[in-house]
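First comes the structure, then the notes that go with it.
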Amino acid sequence: MAFRSRSIRSSSAIHQVELSRDDLDSEISGTDFATYTVQIPPTPDNQPLEISASGPPRTVNDQYTSGSLFTGGHDRATRAHSKDKMVESSSGTKGSSVCQMLGCDARAMTDENGHEIVPCGCDFKICKDCYRDAMRTADGICPGCREPYEGDEDDDDEDDEGDGHMMEPRKSLPASTSLLKVERRLSLARSNGNLTHKEFEHDQWLFETKGSYGYGNAMWPSEDGKEVRETLKDKQWRPLTRDLRISAGILSPYRLLIFVRMVALGLFLAWRIRHPNEDAMWLWGMSVVCEIWFAFSWLLDQLPKLCPINRITDLDVLKKKFETPDPANPSTKSDLPGIDVFVSTADPEKEPPLVTANTILSILASDYPVEKLSCFVSDDGGSLLTFEAMAEAASFANLWVPFCRKHNIEPRNPESYFALKRDPYKFKILPDFVKDRRKVKREYDEFKVRINGLADSIRRRSDAFNAHEEIKVMKQMRNRDIDDVVMEKVKIPKATWMADGTHWPGTWTIAAPEHSRGDHASIIQVMLNPPSDEPLKARDPSEAESLGDGRPLRTTASDSSSSSMDLTDIDIRLPMLVYVSREKRPGYDHNKKAGAMNALVRASAIMANGAFILNLDCDHYIYNSKALREGMCFMMDRGGENICYVQFPQRFEGIDPSDRYANHNTVFFDVNMRALDGIQGPVYVGTGCLFRRIALYGFDPPRTEEISRGCFGRFFVQRKKAAAVSSATDERASSEDSHSMMLGETEDEGMTLVPKTFGNSNDLIDSIPVAEFEGRPIADHPSVKYGRPPGALRLPRQRLDPSIVAEAINVISCWYEDKTEWGQRVGWIYGSVTEDVVTGYRMHNRGWRSVYCVTKRDAFRGTAPINLTDRLHQVLRWATGSVEIFFSRNNAALASSRLKLLQRIAYLNVGIYPFTSIFLIVYCFLPALSLFSGQFIVQTLNVTFLTYLLLITLTLCALAVLEIKWSGIALEEWWRNEQFWLIGGTSAHLAAVLQGLLKVLAGIEISFTLTSKSAGEDEDDEFADLYIFKWTSLMIPPVTIMMVNLIGIAVAFCRTIYSSNPQWSKLIGGVFFSFWVLAHLYPFAKGLMGRRGRTPTIVFVWSGLLAITISLLWVAIDPPSGSSNIGGGFQFP
């Protein structure tokens, strides 16, 4: 990215460590760490694949940066641990065309397909820079034939304008803190005056209009005078997204039914209150209180569903707008902003490295400009296993990514792709696809074997090195004539060793001081270097030794010559891949996942500074390679500057066909989230979300009608205009541009507020205005008031150097957030186990809006726990976070006026819904209590009660049918959601309320275990986890409800049969409600039974006998009124 050069940074703070093996042997534990690379020796079946690539050379400095492991932390110097070998590649590329201008060795101009562009008939090859110089200084004369370039006699003015557009972004980028004070006061909203066009852009209009002004016009006309390009209406100003309203034939009845049911509930509750059951006031009172709460809870859930909406994107318009070649951009450089993808993992035992590696590969192969994409992997456990797995994934990506690009593979997760049950050759037309697929499949199988063997390899390696160290220490002690008793007391730390014979700076397998999960140094390793700005395309497989990143690719000896993949004209560049493990020390709060994400935000701002951030869990991979482009359509469309994030729905794999525990959660993702999209936007759900970086920094949106302050709210104060303007247009412009970037009432005060907010990193602070500028839409329409000029993001990307990585080490240190607002107002918000919901709420509360992006092909897919116990613990975590939100200042009742009313209601429901469990459990026991006591919640089952009950039930069913119609979900999915609502409400939600109250009242902290991710280890049964029974205390309330209701039915049935005056209406009413409870708990009961056939028959026999015995005993103790005792009655001895 184009933030300022950091060449002024002193590199003395970085200590380069280059130790030989002899030095390592001489220092038992004195060497902290040294060089590292994943070393797998070549064998006859493990040889490098030779594929050449044409592109810019990698310098020694680049190799030093990517080939070094950077570590540091609190009170520790930042160290760069270099690899043993750094090779500088050749300065030229064989066979590539270069500019024929004297003294210039740049590449000749090419189009988007890599074909050379020769602007003159004399075939004089020239680069784009020399071509511009010839147009400006040589009056359009070809340097080869000394003749004017054809079609350029009269375009001097236009060319100058076009060049001005190319150069303008370089002059207009927001100033850094090292510039003059007056330059520092440029507002990210006010700088619009410099970076966008206040008036209509006539040069763009000329480029798109139908008129022909000769060959000098910005548009090239055809020979017959008819236009070649599409009209302005059809192309240049076409929106990137469109809203698809729900049909009025569905939405109007839906809203009407909501109103009818509200009225029916009100009348029913009024009738219930006015007609108590005098015979059982306690039963009537409990039922009425529960019903009032249920009505209130239903309103909170239903009102935000009044405005559902669907949206679609137009990827063709995005490509034409940002990646169309023109005279100013002959090489088709992308004008799209950068995206930094965050992948978070914490425990390789519960989150298998193979799953994480597949997610990384899907990101690296996504269809987005390579130079604009970066991937940051957060390993919060500091595990060497994760580190080496990422190194293996980086190596395999050299083969997998070009294969995906060549054959347009979907999905681009190798595990999912090779597991597809459909025909893999469908729609494939290239003759070498079968050969390439067979080769990649074999390489992937070997890759999986290496990943699976990493844990054992690390253990054996560490045991060998530790044994060597013990022998050496004992030998030294014997040479010093130390007593054997003393020698036996000496404890040698059981370190975890890297492949090059040095200590791993992160967490050791056997925890030790400064090498445990909560106590280790910060680590950054650039696995894949930032790619070049120009496409790097393979030419001849026999000319080079490596792929685009400079590292060899392993392949079998039999395939290396005869079966090498033909990657001719395939861009083999790879996005930047960085491994990050933040520093952890005792005494510093790590803030769990939110703290890890904030560390990634800061490190990525220093190293890449993508204007947008995509957050993914390690088990959620990119299923649609164009998903990033889909999300960017919303951000770059008109009005996109007000969007804080684009949330994608979560889709899951590996779910049982019946979806027993509602893991797909389609009611939430396809009903609630679509409805919120019509208000202020969906909530943030923790993964699959594309953020605007500047929104994460805590700034306000650029347009806030409710307040007088501008884009940056509390950070930046209003500044008066220096001069008055006369015209109405200028007055509007002045009102929009009147907000400056000053950070306080005075300049000095303002400059002291930024470090208090973001920390003391100048590089981080300097990157903020750059990220804001690059995240703006293009100002190609008069309605775009906060845009940037076209072509502003085609500048070369700054290369990484050691000082940049050293600064990244600094910002992920454990002490960096002290006395700052990270986690309070900036970044992911701390204080809740559901940091995702709180973070999204804070953005909406500042006036931002979000968008829900449902793509035709699922954007992302992940895994979900299908085991009952794991699912309940997952729901427990979510509900506990909601209780924390309810008792915190993040309660939506305390929100600002910028939060819309229905959005406020939706967030209120997020904090209140767990409390419904109290009333739900009581209501689930009421049928059994009614059956035991012989009473009912009403005096008699009269017509009025049954009419109200029928009306409420019918409106509920009708609303469900209409929701199914406009959302597209299935009836079975809706029913599964209803069932699990009761299962979770009677188990996990109640526990969450108790835990939340303990935390608020007693200050007892809540700890949760990480949800295990399935690695598909059981090949015999894909759903083996579904049948595993793991007891947990959360199961006690549902089991009790089931048993009590079953016994109550048996007791009531026996009482009615033996009664001389049987009351069948009360029996039917009680049994009906008991059946309603049991029907909802059926999936829970099925989960208790495990796999079909595994539950012994004797269990059912004894359960039935026990229920009958207890029922008869109850009838004997409390016989029905007016009936004779059974067996003479029951008497105590």
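The values are calculated or read from the model by the stated rules, or taken from the named source; none is laboratory data. On a predicted model such as this, the values are computed, not experimentally measured, just so you know. Methodologically, a virtual Cβ is constructed for each residue, glycine included, from the backbone with ideal geometry; neighbour enumeration extends over all protein chains shown.
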| Out of curiosity, is residue 629 farther than 20 Å from residue 375 by Cβ, of a type in the set (Lys, Arg) and in a helix (DSSP H, G or I)? | no
| query | What number of residues within the range 571-625 are among the hydroxyl-bearing types (Ser, Thr, Tyr) and in contact with a Lys or Arg (Cβ under 9 Å, 6 or more places away or on another chain)? | reply | 4
| task | Pull up the range 325-356, narrow it to residues that are in a strand (DSSP E or B) and either in contact with a Pro (Cβ under 6 Å, 6 or more places away or on another chain) or surrounded by 18 or more Cβ atoms within 10 Å (Cβ to Cβ) (or both), then point me to the one that is modelled with the lowest pLDDT. | result | 329
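With respect to residue 422, determine if the residue is of a type in the set (Lys, Arg), assigned to a loop (DSSP other than H, G, I, E, B) and within 27 Å of residue 593 (Cα to Cα).
Considered against the rule, which asks whether it is of a type in the set (Lys, Arg), assigned to a loop (DSSP other than H, G, I, E, B) and within 27 Å of residue 593 (Cα to Cα), residue 422 comes out as no.
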| task | Please identify the pairs in which a residue from the range 309-336 that is farther than 29 Å from residue 858 by Cα has its Cβ atom under 7 Å from the Cβ atom of a residue that is β-branched (Val, Ile, Thr), counting only partners at least 6 apart or on another chain. | result | 325/332; 330/117; 331/110
| query | For the range 896-912, which residues satisfy the criterion of being under 25 Å from the mean Cα position of the chain (by Cα) and within 22 Å of residue 289 (Cα to Cα)? | reply | 908, 909, 910, 911
| field | Criterion: surrounded by 15 or more Cβ atoms within 10 Å (Cβ to Cβ), of a type outside the set (Lys, Arg) and touching a Phe, Trp or Tyr at 6+ places or on another chain (Cβ under 8 Å) - qualifying residue of 981, 966 | value | 966
| query | Of the residues 833, 838, 811, 910, which is closer than 30 Å to residue 1029 by Cβ and crowded, with 21+ Cβ neighbours inside 10 Å? | reply | 833
| request: For the range 423-441, enumerate the residues that are farther than 11 Å from residue 564 by Cα, surrounded by 14 or more Cβ atoms within 10 Å (Cβ to Cβ) and more than 32 Å from the chain's Cα centre (by Cα). | output: 433
| task | Please verify whether the range 674-696 includes one or more residues that are surrounded by fewer than 16 Cβ atoms within 10 Å (Cβ to Cβ) and either modelled with pLDDT of 95 or more or closer than 26 Å to residue 776 by Cβ (or both). | result | no
| query | Do you know which of the residues in the range 1028-1061 that are at pLDDT below 75 and surrounded by 13 or more Cβ atoms within 10 Å (Cβ to Cβ) is nearest to the chain's Cα centre (by Cα)? | reply | 1029
| Does the range 232-243 contain any residue that is over 40 Å from the mean Cα position of the chain (by Cα) and either modelled with pLDDT of 90 or more or of a type in the set (Asp, Glu) (or both)? | no
| query | Out of 639, 587, which single residue is surrounded by fewer than 24 Cβ atoms within 10 Å (Cβ to Cβ) and under 30 Å from residue 806 (Cβ atoms)? | reply | 587
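For (1) among the small types (Gly, Ala, Ser); (2) closer than 22 Å to residue 373 by Cα; (3) touching a Phe, Trp or Tyr at 6+ places or on another chain (Cβ under 9 Å), each residue gets a yes or a no:
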site	(1), (2), (3)
782	no, no, yes
788	no, yes, yes
794	no, yes, no
806	yes, yes, yes
812	no, yes, no
832	yes, no, no
| query | Which of the residues belonging to the range 660-671 are under 16 Å from residue 968 (Cβ atoms) and assigned to a loop (DSSP other than H, G, I, E, B)? | reply | 664, 665
| note | Exception for residue 412 within (1) of a type outside the set (Gly, Ala, Ser); (2) buried (at least 24 other Cβ atoms within 10 Å of the Cβ); (3) not in a loop (DSSP other than H, G, I, E, B) falls at (3)
| said: Against the condition at negative phi, surrounded by fewer than 21 Cβ atoms within 10 Å (Cβ to Cβ) and modelled with pLDDT of 90 or more, how does residue 761 come out, does it pass? | reply: yes
| remark: For residue 368, the lone unmet condition from (1) within 24 Å of residue 427 (Cα to Cα); (2) in contact with a Phe, Trp or Tyr (Cβ under 7 Å, 6 or more places away or on another chain); (3) of a type in the set (Ser, Thr, Tyr) is (2)
